[in-house]
Each structure stands twice: as C-alpha cells, then as structure tokens.
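Chemist: Supplied in structure tokens, the structure appears directly below.
The values are calculated or read from the model by the stated rules, or taken from the named source; none is laboratory data. Because the structure is a prediction, the values reported are computed rather than measured. Here Cβ is always computed from backbone atoms with ideal geometry, including for glycine, and neighbour counts include all displayed protein chains. Note: areas computed on protein heavy atoms with side chains; ligands, DNA, RNA excluded. Shrake-Rupley method; radii C 1.70, N 1.55, O 1.52, S 1.80 Å.
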Amino acid sequence: MGLRERKKEKTRLAILDAALDLFLEQGYESTTVEQIAGAVEISPRTFFRYFTSKDHLVLWFHDHGEQLMVETLRSRPQGDPPFTALMHAVRAVLSDMEGSTEDEHRRFLKLRRILDENPQLIGQSVARSAGTERRLAELVAERRGVDVDTDQLSHLIVAFAMSAMRVGFECPRRDGSVPEITGRMAETIELAERSLRPGWDL
C-alpha cells in the first residue's frame, strides 16, 4: 500500500470510528452525515468519497466479507467441487477475523451493538445478504457451467454455506467476544462440511 492509499485508509477508518461512537452515544437516527464529517474535520462532500450513506457505514463489515468471498471463490482451482470452493471462501472470512487487530475487534463489536439496538437496520442487512448470495450463486453456476436463473442447485449450495456462516455468527451467543465468534464459526463450518454425505460432489 502506497502513501496515498495509506492516507485514504486512515481517513476511512477515522470516519468509521467517529460514526460508530456517535451512533452509540446519541443514537443512529439522531446522527447526521454532517456531524460525522465534523467529528473528523472533513466536509460532507469528502465523507461521500468514502461512504455512500450512513447505512453504508453500518454494513461495511458485510461488504468486506463479500469481497473476500468473491475473490477467494474466483481464485480456487476450477477442479474444486463448487461447495468445496465456496467453503474455502467462507474460511477466508474466518481467517480474516482471526487475524484482525484489537481495534478491528472493537469496531466489529460496536457494529453488532448498533445493529442490535436498531432493528430497522436488520432489513437492510438482510437485503444486502440476498444480493451477496445472488452474486455468489452466479459464480457457482459459472463454475458448474449452468444458468444461474434456472439451476436450483447453485442457489442451494450458496444458501447452505451462508446459513452455516450465519449460525456461526449468531447461535448460541455467550460472551459475544470476537474469539468466541471465530471459534464458533470454525465449529459450524466443520459441522457443515461433515454433514454432507460421502460421495456428494457439490
């Protein structure tokens, strides 16, 4: 990463951190883009160079995870069974979380708290997840040489993998720490892979 890219990343994280703190201090709905921009001494116009909206801030982790999965899935050998390739993509998200810093842990936990305290954001998260599943299904269908609009199995493969990820994130919650979440994700991924009968080449 060059100097310019490092400066941009520093600004992006400063905006994100300021926004998360404001959301928790005064409420998501009560916080404006102008307030977030003011907290990091930038203009609203500069804010929109980094994030398209307040919602984009809250869903940044989802978008980052999707990017990791798409890149990993595209990089897997064509000979990999689609489900195997997709689970490698899920494991890439897990590995990224396991390698995250304490600052990144804090951001993630703040985001979870904001989502928990603002049910109206859940619908947007669900919609974003549906878009992610569609894009992954397109890649799986491409690997299988079928039409994504008519092939149910491609969608089922993605739905199964993404369900495993959701269960790993959410069920059951104990202390809510990042190490707990990553440990639970690893357990759920292993369970999902074992649950397919031997000989299935999905």
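Chemist: Under the condition of being in contact (Cβ under 8 Å) with a residue 12 or more places away in the chain and of a type outside the set (Val, Ile, Thr), which residue from region 54-63 is surrounded by the fewest Cβ atoms within 10 Å (Cβ to Cβ)?
Modeler: Only one residue fits best here, namely Asp63.
Chemist: I'm trying to understand the selection: among the residues of region 28-45, which are in a loop (DSSP other than H, G, I, E, B), open to solvent by less than 60 Å² (accessible area, probe 1.4 Å) and free of Cβ contacts under 8 Å to residues at least 60 places away in the same chain?
Modeler: Residues satisfying the conditions are Thr31, Thr32, Val40, Ile42, Ser43.
Chemist: Scan region 47-71 residue by residue and report those that are part of a loop (DSSP other than H, G, I, E, B) and of a type in the set (Ser, Thr, Tyr).
Modeler: Thr52, Ser53
Chemist: Whether any residue in region 97-109 is open to solvent by 40 Å² or more (accessible area, probe 1.4 Å), among the charged types (D, E, K, R), over 30 Å from Arg143 (Cα atoms) and outside any helix (DSSP H, G or I) is what I want to check.
Modeler: no
Chemist: So, one more: Evaluate region 134-142: report whether one residue or more is open to solvent by less than 40 Å² (accessible area, probe 1.4 Å) and either under 13 Å from Leu94 (Cβ atoms) or charged (D, E, K, R) (or both).
Modeler: no
Chemist: If you check Ala164, Ala186, which single one turns out to be in contact with a helix residue (DSSP H, G or I) (Cβ under 7 Å, 6 or more places away or on another chain) and farther than 21 Å from Asp63 by Cβ?
Modeler: Ala186
Chemist: Please verify whether region 164-175 includes one or more residues that are basic (Lys, Arg) and either touching a residue at least 60 places away in the same chain (Cβ under 8 Å) or touching a Leu at 6+ places or on another chain (Cβ under 7 Å) (or both).
Modeler: Within region 164-175, not a single residue is basic (Lys, Arg) and either touching a residue at least 60 places away in the same chain (Cβ under 8 Å) or touching a Leu at 6+ places or on another chain (Cβ under 7 Å) (or both).
Chemist: Out of Gly176, Gly123, Gly168, report the one residue that is surrounded by fewer than 16 Cβ atoms within 10 Å (Cβ to Cβ), assigned to a helix (DSSP H, G or I) and either in contact with a Pro (Cβ under 7 Å, 6 or more places away or on another chain) or among the small types (Gly, Ala, Ser) (or both).
Modeler: From the options Gly176, Gly123, Gly168, the qualifying one is Gly123.
Chemist: Related question: Any residue at all in region 186-196 that is under 14 Å from the mean Cα position of the chain (by Cα) and modelled with pLDDT of 80 or more?
Modeler: Scanning region 186-196 turns up no residue that is under 14 Å from the mean Cα position of the chain (by Cα) and modelled with pLDDT of 80 or more.
Chemist: Among what's in region 64-96 and is acidic (Asp, Glu) and surrounded by 13 or more Cβ atoms within 10 Å (Cβ to Cβ), pick the residue that is nearest to Arg144 (Cα to Cα).
Modeler: Asp80
Chemist: A further question on this structure: Out of everything in region 72-96 that is within 19 Å of Arg135 (Cα to Cα), in a helix (DSSP H, G or I) and among the polar types (S, T, N, Q), what residue ends up being modelled with the lowest pLDDT?
Modeler: Checked region 72-96; the qualifying residue modelled with the lowest pLDDT is Thr84.
So that you can scan it fast, the table gives a plain yes or no per residue for (1) under 21 Å from Tyr28 (Cβ atoms); (2) of a type in the set (Gly, Ala, Ser):
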position	(1), (2)
Phe83	no, no
His88	no, no
Asp96	no, no
Gly99	no, yes
Leu109	yes, no
Ile114	yes, no
Val140	no, no
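Chemist: From the list Arg76, Arg49, Arg45, exactly one residue is among the basic types (Lys, Arg) and touching a helix residue (DSSP H, G or I) at 6+ places or on another chain (Cβ under 8 Å). Which is it?
Modeler: None of the others qualify; the one that does is Arg76.
Chemist: Please state which of the following conditions Phe23 fails to meet, knowing it meets all the rest: (1) under 21 Å from the mean Cα position of the chain (by Cα); (2) surrounded by 15 or more Cβ atoms within 10 Å (Cβ to Cβ); (3) in a loop (DSSP other than H, G, I, E, B).
Modeler: (3)
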